[in-house]
Amino acid sequence: MSTNYAIALMLASVACATDLRTRRIPNVLTFGGAAVGFAFHVFAPGGNGLFASGAGWLVGVAVFFVPFALGGLGAGDIKLMAALGAWLGPMDIAWTAVYTAMAGGVLAIVVAAASGYLRQVLSNVWMLLCHWSVAGLRPLHELSLEGSNGPRLAYALPILVGVMCAVWLR
């Protein structure tokens, strides 16, 4: 396993442990991780260079920007994906996002079912789709992270699973 993959796995693991414990991902981890990722790719022999690292960072932001803007993800999640993108590059972070979305969907169903909230989730999804069909793609405060009283997911866990799958299936 190459160094950048090992460090991305460590970064995601620390973020996951922190998110599970405190429901926050510290800026020092995300911004620091991205800065060190940029430096690694610029200076390390065999590194992909600043362009690949920057493109990975941008893809990491882009893939989760819409869910973040609609109130479905926290800022720490999008910053973590950006930092991981700086380490993994654009293609690997895109695959990480695909695997993360699948893991996040499974985790959401498990948490909703375990907490007795699954029926409400299905109702909320329907209400959100109806809202978007009438008002356009806009946040609905009652169903956002701040406005909802439903169970919370530590989304760094599906992100970690996404990184593991992207690295393993590479």
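The values are calculated or read from the model by the stated rules, or taken from the named source; none is laboratory data. Computed from a predicted model, the values in this text were never measured in an experiment. Note that we place each Cβ from the backbone using ideal geometry, even for glycine, and neighbour counts take in every protein chain shown. With ligands, DNA and RNA removed, areas are computed over all heavy atoms of the protein, side chains included. Shrake-Rupley method; radii C 1.70, N 1.55, O 1.52, S 1.80 Å.
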Next on the checklist: Looking for something closer than 15 Å to Ala154 by Cβ and within 17 Å of the chain's Cα centre (by Cα) - is there at least one such residue anywhere in the range 52-62?
Outcome noted: no
Next on the checklist: Condition first: loosely packed, with under 13 Cβ neighbours inside 10 Å and in a loop (DSSP other than H, G, I, E, B). Can you find one or more residues in the range 84-95 that meet it?
Outcome noted: no
Checklist entry - Of everything in the range 115-130 that's in a helix (DSSP H, G or I) and in contact (Cβ under 8 Å) with a residue 12 or more places away in the chain, which residue is farthest from Phe64 (Cα to Cα)? => result Gln120
Checklist entry - Where in the range 1-82 are there helices (runs of 4 or more DSSP H), lying fully within it, with 1 or more residues that are within 17 Å of Ala166 (Cα to Cα) and open to solvent by 50 Å² or more (accessible area, probe 1.4 Å)? => result 3-22, 49-69
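Can you tell me which residues in the range 13-33 are hydrophobic (A, V, I, L, M, F, W, C) and over 15 Å from Ala75 (Cα atoms)? Show your work before the answer.
Within the range 13-33, the subset hydrophobic (A, V, I, L, M, F, W, C) is 14-17, 20, 25, 28-29, 31.
Across the range 13-33, the qualifying residues are Val14, Ala17, Leu20.
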Checklist entry - Considering only the range 38-48, how many residues are farther than 10 Å from Gly89 by Cα and out of contact with any Leu (no Cβ under 7 Å at 6 or more places or on another chain)? => result 7
Checklist entry - Are any residues in the range 131-167 surrounded by 11 or more Cβ atoms within 10 Å (Cβ to Cβ), free of Cβ contacts under 8 Å to residues at least 40 places away in the same chain and outside any loop (DSSP other than H, G, I, E, B), and if so, which ones? => result His131, Trp132, Glu142
Next on the checklist: Among the residues of the range 110-117, are any under 24 Å from Thr22 (Cα atoms), within 20 Å of the chain's Cα centre (by Cα) and surrounded by 17 or more Cβ atoms within 10 Å (Cβ to Cβ)?
Outcome noted: yes
